[in-house]
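Every read-out reported here was derived from the displayed coordinates using simple, explicitly stated rules and does not represent laboratory data. Please read all numbers here as calculations on a predicted model, not as lab measurements. Note that each Cβ is placed from the backbone with ideal geometry, even for glycine, and that neighbours are counted across all protein chains shown.
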Amino acid sequence: MLFLFPELILCGLGLGATVAALFCRGRGAGRWALYGFFVCLAGVVTGLCLLAYAIDLGPEATGQLTPEFIARTFAVDPLSLFFSTLALAVCGLAMLFSMEFVEEVLEEHPAEFLALIAFASLGIACVARSRDLITLFFSLELVSISGYLLSGMLRREPRSLEAALKYFLIGAVSSAIMLFGMSLIYGLTGATDLRVLRDAVGEGHLHAVGQLAGVRMVSSQDPMVITGILCIVVGLGFKIAMVPFHMWCPDVYEGAPTPATAFLSVGPKAAGFVAIVRLLMLTFAPSSGPVPWAQPVLWLCALTMTLGNVVACRQTNLKRMLAYSSIAHSGYILIAVVSLGSADLALPAIVMYLIAYVLMNVGAFSVVIALSNIEGREDIHAYNGLSKRSPYLAYAWVIFAMSLAGVPPTAGFLGKLYVFMAALDDRVRLYWLAVVGVANAVISVWYYFRVARHMFFVEGVRTEPIRVGRGAGWAIGLSLAGTLVLVPLFPWLISFATSAAQVLGAW
Amino acid sequence: MGSVVFYFFAFAALACAVIVVTSRHIVRSVAALFVCMAAMAGIYFFLSAPFIGAMQLMIYAGGITVLLIFAVMLVRRAAGGQVEHASRNPGGAIVVVIGFVGWMAPAAWMAFGPRQMPPVEPRVAGVESLADDLIRHYVPAFEIASVLLLVAMIGAVVLTLRAKQREGPPTDDE
Amino acid sequence: MGFMLGDILESLGQPVGLRHCLVFAALLFAVGLYGVLTRRNAIGILMALELMLNAVNANLVAFWRYGPGPREALNGQVFAVFVITMAAAEAAVGLAIILALFRLRRTVNADEVNLLKG
């Protein structure tokens, strides 16, 4: 149970906030958010200590320390512990940047907002843990359902509820399609355990069959298997806003309350990518023979990057712009996903990119939140002359923009670097994809810095200084520190991620 | 004999499903959904999964359909009678659906030859072994499902509970 | 392409096997998909969604019944139980959102949700 610490913290936090909702009406919710943040902070520190301990022990010993009835469907390896600690960190940051929002903007049910954030983070952590189709699907569903509700929290705002409705309908349909695919995969092999599925799908390692009576071996070229896997790809594509399935993303991000948008842009996306790593890269990737999903995802990846960046250039609403930017970032991470031939580079690259993405996106959104708490709007002209009104916000934006665009020396740059390195590896040779990626990074510089131009060089109508709220200010500070300080830490992180990925490969 | 039972329920379910998605009358849609769910329960009984059949009857037919009927009635009363329940131009949808069936049905048909139904001893398909599986093998999923239901409950309360003091349009419901 | 009408008609006389169930589930799923794509009413879309989830359950139970695993392995049934649970949660959340929106906008039509243009 020791290694389930982050999940227990998140679950306790969610239940605590639910109970707090009984007592806390209106004022005072900000204080609860702050307590939540401190709990998460303590949890992250403990989680990192546990992580060091778990790496020290090795995967077998950590597995033995966990009761069998949990270890059967829940992985307790270092990588999953790392991801659940990351989920805890996301939850803490979300508590922090929504502090002013729950205190001042959200009139009703502020504590429930915090509870939903904690439960959604619990879902993310559980996605990282799952090594069973059923558990994985339900963890994803927990993230999604909390997400629908978070985007509809401003229930007197038609826009918020419309965003919730759109998110719900599209999310539910994509879940149903993914479930259909999972039912086919289960039916063809007779197994739901991902480790068994990995052996059963593909040319396969036949050694596993002996002890696993009742599992049917199937070829990865069987049309039914391909149908099942493609259904799963479609479902996951919706969750991470891959291109033909991205159309919900800008609308939902724009309509949802800004802190909810900030959470939605990192939480469910991270969950989707962790699920992609588990399902597509580690389970449905036969060691010999062609990988059934690789070719379509390869093209969609290039399309996702390009469309996200090109359309983002034309946006004047910052939330919409960041929505398209997050679509583009999904495209970058997909580069590493399709370079699974060089899995020892691709897996750490995904881990790195996700960390960097969480930090810089939370940071950029916190700037938007800080301003929208005061101005109540997010179009680009609200940012005119921001450098005079609040230098902190303006300079923070510049750093986050650099990181998002992939300019050194930021975490975003290193994330992109590792992703491209995975694609350029000799075993993969996706040179054209890397070129498309770099070209896209160049395009993205333009629109991120267009906002900076408005902040620094356009005179604003209003000139009074902005007092940045405590929570948003701290969230910006923390992600700023992460974006910049992570850089010297990267060699260590990479070596950790590589060792964790090796553990996973053997998992 | 068994086949006749299966075909009866299958055709009933499919026919009702078609009514659900094409009827212009929303109450008729809900009623058809109810029958469809009940027919599905019949199929589960036929497939010797009585517990799933019972769950289907209680939760789908008894719970979800009733919830839908309540929602429809609420909306209908507040909207003053008829609720628009039209369909969009189905051109694209028909292509998608025919594509799906055209791919999926032959693939399934050819992947599984005419195998007989394997016999099932009543014991193993019973509730006991299912509960055993649920509690011994899928504990985390079970817990996640309970959190999921809690979240749904919180959500329903947050979105629909009325504040004590004031409320928007005064006309409707409760 | 052995998928002929005569083949189907002949198989109607045979005992029901896995493939009959699968084709039935695929058809049900397709009908649900059609409803999701064409319905304008959000409650209508929700109903079509329930059809899709039911098709998944039919798949799961049929696969359990005829599948390769020992009958003692109840994976498919457990999965189906969880899917039913999820469908209930989703229906509750979906209806809550639909009703809350209806209070504000007096419509349940998904395509009249146009403050956010696509």
How high is the relative contact order of the range A:103-150, in percent, counting Cα pairs under 8 Å that sit 6 or more residues apart?
-> 41 percent
What does the convex hull of the Cα atoms come to per residue for the range C:15-112, in Å³?
-> 78 Å³
Which value in nm describes the separation of the simple spin-label points at B:ALA131 and B:ALA54, placed 7 Å from the Cα toward the beta carbon?
-> 1.0 nm
Rg/Rg_ref, the range A:366-448, where Rg_ref = 2.2 N^0.38 Å and atoms are Cα = 1.40
Measure of size requested: the Rg and Dmax of the range A:94-158, with Cα atoms as the atom set and Å as the unit; please supply both.
-> 13.5, 42
Which ³J(HN,Hα) values in Hz, rounded to whole numbers, follow from the phi angles of the range A:224-231 under the Karplus curve 6.51 cos²θ - 1.76 cosθ + 1.60, where θ = phi - 60° and Gly and Pro get x?
-> 5, 5, 4, 4, x, 5, 5, 4
Enter the mean projected area of the convex hull around the alpha-carbon atoms of the range A:1-129, in nm², rounded to one decimal.
-> 7.2 nm²
Residues A:GLU112, A:GLU375, sorted so that the one with the fewest Cβ neighbours within 10 Å comes first = A:GLU375, A:GLU112
Phi-derived 3J(HN,Hα) across the range A:442-451 with the Karplus relation (6.51, -1.76, 1.60, θ = phi - 60°), rounded Hz, x for Gly and Pro, is 5, 4, 5, 3, 4, 7, 5, 7, 4, 4
Amide H within-cut-off set for A:ASP379, under 5 Å, with H built and near neighbours excluded | A:LEU318
Quotient of C-alpha Rg and 2.2 N^0.38 Å, computed over the protein assembly as shown | 0.92
Arranged by the count of other C-beta atoms within 10 angstrom, fewest first, what order do C:VAL36, A:VAL173, A:VAL485 take?
-> A:VAL485, A:VAL173, C:VAL36
Rg followed by Dmax, in Å, when the range A:113-193 is reduced to its Cα trace | 14.7, 48
Convex hull volume of the range B:123-162 per residue (C-alpha atoms, cubic angstrom) = 68 Å³
Contour minus Cα-Cα span, A:PHE23 to A:SER219, at 0.36 nm per residue, comes to 64.9 nm
Using only the Cα atoms of the range B:1-52, construct the convex hull and provide its projected area averaged over every direction, in square nanometres to one decimal.
-> 3.4 nm²
Residues whose modelled amide H sits under 5 Å from the amide H of A:SER130, counting only those 5 or more places away in sequence or on another chain, are A:ALA75
From the C-alpha gyration tensor of the range A:213-301, square roots of 5λ in Å | 31, 14, 10
Determine ³J(HN,Hα), in whole Hz, for all residues of the range A:39-55 in sequence, where each value follows from phi through the Karplus function 6.51 cos²θ - 1.76 cosθ + 1.60 and θ = phi - 60°; x replaces Gly and Pro.
-> 4, 5, 4, 4, x, 5, 4, 4, x, 5, 4, 4, 4, 4, 4, 5, 5
Which three lengths, in whole Å and largest first, does the range A:61-104 cover when its Cα atoms are put on their principal axes?
-> 47, 18, 13
Find the all-direction average of the projected area of the Cα convex hull for the range A:293-507, expressing the result in square nanometres with one decimal place.
-> 11.9 nm²
Working from Cα positions, state the angle (0 to 90°, nearest 10) between the long axis of helix A:294-313 and the longest principal axis of chain A.
-> 0 degrees
In terms of modelled amide H atoms, which long-range or inter-chain residues lie less than 5 Å from the amide H of C:ARG39?
-> B:ARG88
What number, rounded to the nearest 500 deg cm²/dmol, is the helix-based mean residue ellipticity at 222 nm of chain A, given -39500 (n - 2.57) per DSSP H run of at least four residues and division by all its residues?
-> -25000 deg cm²/dmol
Report, in degrees rounded to the nearest 10, the 0 to 90 angle that the Cα long axis of helix A:78-97 makes with the longest principal axis of chain A.
-> 20 degrees
If R0 is 56 Å, what FRET efficiency do you get for A:GLU60 and B:ARG28 from their C-beta distance, rounded to 0.05?
-> 0.40
Relative contact order in percent for chain A (Cα pairs under 8 Å, 6+ apart) equals 15 percent
When all alpha-carbon pairs of the range A:251-371 are counted, what percent fall beyond 18 Å?
-> 54 percent
Would you check the protein assembly as shown for Lys pairs whose C-alpha atoms are within less than 15 Å, ignoring same-chain pairs closer than 8 in sequence, and give me the count?
-> 4
